[in-house]
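Undergrad: Just dropping this structure here.
The values are calculated or read from the model by the stated rules, or taken from the named source; none is laboratory data. Keep in mind that what you see is a predicted model, and the values were worked out from it rather than measured. FYI the Cβ positions are ideal-geometry reconstructions off the backbone, even for glycines, and counts take in every protein chain you see. Only protein heavy atoms, including side chains, enter the accessible area calculation; ligands, DNA and RNA are left aside. Shrake-Rupley method; radii C 1.70, N 1.55, O 1.52, S 1.80 Å.
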Amino acid sequence: MIEPISILVEDAIQIAWDFLERSGEIDDPYTAGRFLTKTIDEMAGNGEHRKIMLANRTIEAYRRHRRAVAA
């Protein structure tokens, strides 16, 4: 069964959030939440519908973003 896109996005955000939170990488929850939501929403809108892939790519994008901001 295919999940509705809203459920897919919500689940992928939660997976990414849980991982980043457990690893101590979320400093500002509001900013992190907006970044995760925007990134996953864009990828899903471009046709990526694999939940784990969405979460993994977003985690990597978030890490790259944090490194760029810190530099």
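Undergrad: Can you tell me how many residues in region 2-34 are more than 17 Å from I52 (Cβ to Cβ) and outside any helix (DSSP H, G or I)?
TA: The number of residues fulfilling the criteria is 6.
Undergrad: For region 31-43, what are the residues that are open to solvent by less than 80 Å² (accessible area, probe 1.4 Å) and under 9 Å from the mean Cα position of the chain (by Cα)?
TA: Of everything in region 31-43, those that are open to solvent by less than 80 Å² (accessible area, probe 1.4 Å) and under 9 Å from the mean Cα position of the chain (by Cα) turn out to be A32, G33, F35, L36, T37, T39, I40.
Undergrad: I would also like to ask the following. Counting just the residues of region 16-71 that are among the basic types (K, R) and touching a helix residue (DSSP H, G or I) at 6+ places or on another chain (Cβ under 8 Å), which one comes out nearest to I5 (Cα to Cα)?
TA: Ranking the qualifying residues of region 16-71, first place goes to K51.
Undergrad: Could you check R66 against (1) assigned to a helix (DSSP H, G or I); (2) charged (D, E, K, R); (3) open to solvent by less than 60 Å² (accessible area, probe 1.4 Å) and say which number it fails?
TA: (3)
Undergrad: Restricting attention to region 50-68, which residues are over 14 Å from I15 (Cα atoms) and in contact (Cβ under 8 Å) with a residue 40 or more places away in the chain?
TA: The answer is R66, and nothing else.
The rows are residues; the columns are (1) exposed (fewer than 12 other Cβ atoms within 10 Å of the Cβ); (2) among the polar types (S, T, N, Q).
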{"position": "A12", "(1), (2)": "no, no"}
{"position": "S23", "(1), (2)": "yes, yes"}
{"position": "P29", "(1), (2)": "yes, no"}
{"position": "G45", "(1), (2)": "yes, no"}
{"position": "H49", "(1), (2)": "no, no"}
{"position": "R57", "(1), (2)": "no, no"}
{"position": "Y62", "(1), (2)": "no, no"}
